[in-house]
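The block underneath contains the structure these notes are about, expressed in structure tokens.
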Amino acid sequence: MKFQLLIPLTFCFLIFACADESSQNSTDGENCPISFENGTVMNGGSADVFGNALKYPSGDAAITSQVNVWKPGFKSPWHYHPYTGVAYVIQGELTVNFDTITPVEEKSTEKTVATTQTYKAGEKAFLGAANVWHFSENLGDKDLIFMVTWLGEENEPVAVME
């Protein structure tokens, strides 16, 4: 139940940020790169992209929301997230390359892409996999804009780099 509140709260932030920007720059909102339509982006999400059940953190809960804008060709380093995140692509395509073989404890081991998934703007939100090495990239020809809301633990990072 708590987790289902994250998506509306995150979208409210984006809507207000966009409305604030467009009211300062334009009366018709043409400067706002984000377009919204009414509808549900996730309903009852309970498993990540690999079918692993959603688990709440064991410590004091803390929510971290991020909006990322990646230029064409951007590639993140190998990393993993100790927590599940609700992700939604607003513009472009997010390509995620997973190493589902190497345990997260093996930080110095060479990683191998075992599976790749691409998420496109306007598709349903998805739960990102916790504790799986991966790198993400923008293989498209326009800016990738996506948001992630992490249900993590207070004073703990939401990403661990290689």
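The values are calculated or read from the model by the stated rules, or taken from the named source; none is laboratory data. Bear in mind the structure is a predicted one, so any value in this text is a computation, not a measurement. Positions of Cβ are generated from backbone atoms using ideal geometry, with glycine treated the same way; all protein chains shown enter the neighbour counts. Note: areas computed on protein heavy atoms with side chains; ligands, DNA, RNA excluded. Shrake-Rupley method; radii C 1.70, N 1.55, O 1.52, S 1.80 Å.
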* In the stretch 41-73, what count of residues is obtained for those that are closer than 16 Å to Gly92 by Cβ, open to solvent by 80 Å² or more (accessible area, probe 1.4 Å) and either touching a helix residue (DSSP H, G or I) at 6+ places or on another chain (Cβ under 8 Å) or part of a strand (DSSP E or B) (or both)? -> 1
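Determine whether Tyr83 is crowded, with 20+ Cβ neighbours inside 10 Å and not in a strand (DSSP E or B). Working first, answer last.
On the way: crowded, with 20+ Cβ neighbours inside 10 Å: yes; not in a strand (DSSP E or B): yes.
Answer is yes for this residue.
Which one of Leu14, Leu5 is closer than 27 Å to Asn155 by Cβ, open to solvent by less than 80 Å² (accessible area, probe 1.4 Å) and either in a loop (DSSP other than H, G, I, E, B) or at pLDDT below 50 (or both)? Talk me through it step by step, then tell me what you get.
Working: Leu5 fails: open to solvent by less than 80 Å² (accessible area, probe 1.4 Å).
Going through Leu14, Leu5 in turn, just one is closer than 27 Å to Asn155 by Cβ, open to solvent by less than 80 Å² (accessible area, probe 1.4 Å) and either in a loop (DSSP other than H, G, I, E, B) or at pLDDT below 50 (or both): Leu14.
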* To do: Filter the stretch 91-123 down to residues that are open to solvent by less than 40 Å² (accessible area, probe 1.4 Å), β-branched (Val, Ile, Thr) and part of a loop (DSSP other than H, G, I, E, B) and give me whichever is nearest to Phe146 (Cα to Cα).
  => Val104
* Hey, Ser76 hits all of (1) touching a strand residue (DSSP E or B) at 6+ places or on another chain (Cβ under 7 Å); (2) surrounded by fewer than 15 Cβ atoms within 10 Å (Cβ to Cβ); (3) not β-branched (Val, Ile, Thr) but one; which does it fall short on? -> (2)
* Say whether the condition of being touching a residue at least 40 places away in the same chain (Cβ under 8 Å) and touching a helix residue (DSSP H, G or I) at 6+ places or on another chain (Cβ under 6 Å) is met by at least one residue in the stretch 80-102. => yes
